[in-house]
Amino acid sequence: MRVLLQRVSDASVTIGGVEKSRIGAGLLLLLGIEQEDGGEDIEWLVRKLITLRIFEDDDGKMNRSIVDIGGEALVVSQFTLHARVKKGTRPSFERAARPEIAIPLYEKFVSTLATELGKPVPTGEFGAMMEVALTNDGPVTIWIDSRNRE
């Protein structure tokens, strides 16, 4: 399971010209699910995300977590995070989980994160063509892969 997170001052998802979700300060999480991912990946990744100290304290140091600041999270499915571009010029997405595997894991990830944050977590729409807008705060952008835990 891969997440590309961006610390944002705001972010939104629009589908077909209609805004579906919007958050203020917090994290935009682009989530890619791989064929081999499971519940242990969700638990590890959510724990990492809610404890990651990437928000500034009163001294301007990255020393606070999303929980510490009462921040919001917006989750957008992003199978292209598993693109392989080693050969040729067309990306291969063979490692990305098929919808019958990915959708339940995506939903479990969102519900687990919501429980840990103690608030609803807005989302994009799995499989939809989406327009994602954000104001990256910092900028801070971090890649996390549950297969690389060490």
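Numbers for the structure displayed
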item	result
Pair list, Cβ < 9 Å and 6+ apart or interchain, from segment 10-37 residues that are free of Cβ contacts under 8 Å to residues at least 24 places away in the same chain to residues that are assigned to a strand (DSSP E or B) and crowded, with 21+ Cβ neighbours inside 10 Å	19/13
In segment 1-51, the residues that are among the basic types (Lys, Arg) and assigned to a strand (DSSP E or B)	2, 7, 20, 22
Some residue of segment 142-150 being under 30 Å from residue 57 (Cβ atoms) and free of Cβ contacts under 8 Å to residues at least 60 places away in the same chain	yes
Within segment 112-150, tally of residues that are surrounded by 14 or more Cβ atoms within 10 Å (Cβ to Cβ) and out of contact with any strand residue (DSSP E or B) (no Cβ under 9 Å at 6 or more places or on another chain)	2
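Every residue, every condition in (1) loosely packed, with under 13 Cβ neighbours inside 10 Å; (2) hydrophobic (A, V, I, L, M, F, W, C); (3) under 17 Å from residue 127 (Cβ atoms), yes or no:
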{"site": "5", "(1), (2), (3)": "no, yes, no"}
{"site": "10", "(1), (2), (3)": "no, no, no"}
{"site": "47", "(1), (2), (3)": "yes, no, no"}
{"site": "54", "(1), (2), (3)": "no, yes, no"}
{"site": "69", "(1), (2), (3)": "no, yes, no"}
{"site": "77", "(1), (2), (3)": "no, no, yes"}
{"site": "91", "(1), (2), (3)": "yes, no, no"}
{"site": "103", "(1), (2), (3)": "no, yes, yes"}
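FYI, it's all coordinate maths here, none of it is from the lab. These figures come from a predicted structure and were not determined experimentally. Quick reminder, even Gly has a Cβ in these numbers, built from the backbone with ideal geometry, and neighbours come from all protein chains shown.
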